[in-house]
């Protein structure tokens, strides 16, 4: 009996076509399997999507482009994902907020804190301050609270008074306040009138030996400007509440408890540059 050997030739996997057009603003319209997608520079994964388009990586493209849909589902429809752009009510959500939302999803938080933050943010009377604040919040270690405030840091004297005048009490529980119209809203001016808080790297850059660092809770509506001189790492505001002494960096996206223990020496870096002009 003759034995016949059968060999199977593996056919190449059918390639999935990915066609696209790009306009002068960097907005892409991509067609995959007759499905059209649009994304622009505000998309949280813009650069990754561009690389997928260039390389033809359909699987990775689908995962990245659907990040907005995941946010929409996570928020139970409070956020709307449309044509590659995320919206809250009728406002387009800035990419820094979208990135914060993605972090919150990964860490298992619900959507209410970020909704509360946006509600407070949109109460800020300054369009410029709102947009400057987005850049400031892109820095790490600046979580928000369940009520929608954000937390930042401030270096003060060992007696908890401000470094410039020595008259503003920054003890835990205090709420320094000044009239908003007296706060300099010009972001091109570094040191000027206003109450200042910042990211931890900024605070460590201007403190002095023996200083105390406190954690401040700030309402986004009370932010007046984000000066450019410190790479957007500080803000001028008209009000904040001191909620704790600094013990360690605040890592989670959302924080509802504060460590009020004194910071140990290992938590500090050497301090330099004590001359901060009008800072309070």
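The values are calculated or read from the model by the stated rules, or taken from the named source; none is laboratory data. Being a predicted model, the structure only gives us computed values, none of them experimental. Counting neighbours? That spans all protein chains shown, and the Cβs are built from the backbone with ideal geometry, glycine included.
Give region 152-200 a look and list any residue that's surrounded by 21 or more Cβ atoms within 10 Å (Cβ to Cβ), within 13 Å of residue 235 (Cβ to Cβ) and within 22 Å of the chain's Cα centre (by Cα), or say none. Walk me through how you get there before you give the answer.
The initial filter retains those residues of region 152-200 that are surrounded by 21 or more Cβ atoms within 10 Å (Cβ to Cβ), namely 152-156, 163, 170, 183, 194-200.
Applying the additional criterion that residues be within 13 Å of residue 235 (Cβ to Cβ) yields 152-154, 183, 194-199.
Those that are surrounded by 21 or more Cβ atoms within 10 Å (Cβ to Cβ), within 13 Å of residue 235 (Cβ to Cβ) and within 22 Å of the chain's Cα centre (by Cα): 152, 153, 154, 195, 196, 197, 198, 199.
Considering only residues of region 64-80 that are touching a helix residue (DSSP H, G or I) at 6+ places or on another chain (Cβ under 9 Å) and part of a helix (DSSP H, G or I), which is nearest to residue 22 (Cα to Cα)?
65
Give just the number: which of (1) at pLDDT below 90; (2) out of contact with any strand residue (DSSP E or B) (no Cβ under 8 Å at 6 or more places or on another chain); (3) part of a loop (DSSP other than H, G, I, E, B); (4) more than 22 Å from residue 127 (Cβ to Cβ) does residue 159 not satisfy?
So residue 159 meets the others, but not (1).
Results for (1) assigned by TED's automatic domain parsing to the domain that holds residue 29; (2) crowded, with 19+ Cβ neighbours inside 10 Å; (3) not in a helix (DSSP H, G or I), shown as yes or no for each residue.
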{"residue": "87", "(1), (2), (3)": "yes, no, yes"}
{"residue": "98", "(1), (2), (3)": "yes, yes, no"}
{"residue": "101", "(1), (2), (3)": "yes, yes, no"}
{"residue": "114", "(1), (2), (3)": "no, yes, no"}
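Any residue that is modelled with pLDDT of 80 or more, in a helix (DSSP H, G or I) and out of contact with any helix residue (DSSP H, G or I) (no Cβ under 9 Å at 6 or more places or on another chain) - is there at least one of those in region 28-51?
The answer is yes; a qualifying residue exists.
Any residue in region 61-88 that's at positive phi: show its pairings with residues that are crowded, with 19+ Cβ neighbours inside 10 Å and not in a strand (DSSP E or B) at Cβ separation under 9 Å, as long as the two are six or more apart or on different chains.
Partner pairs satisfying both residue conditions: 84/43; 84/49; 84/65; 84/68.
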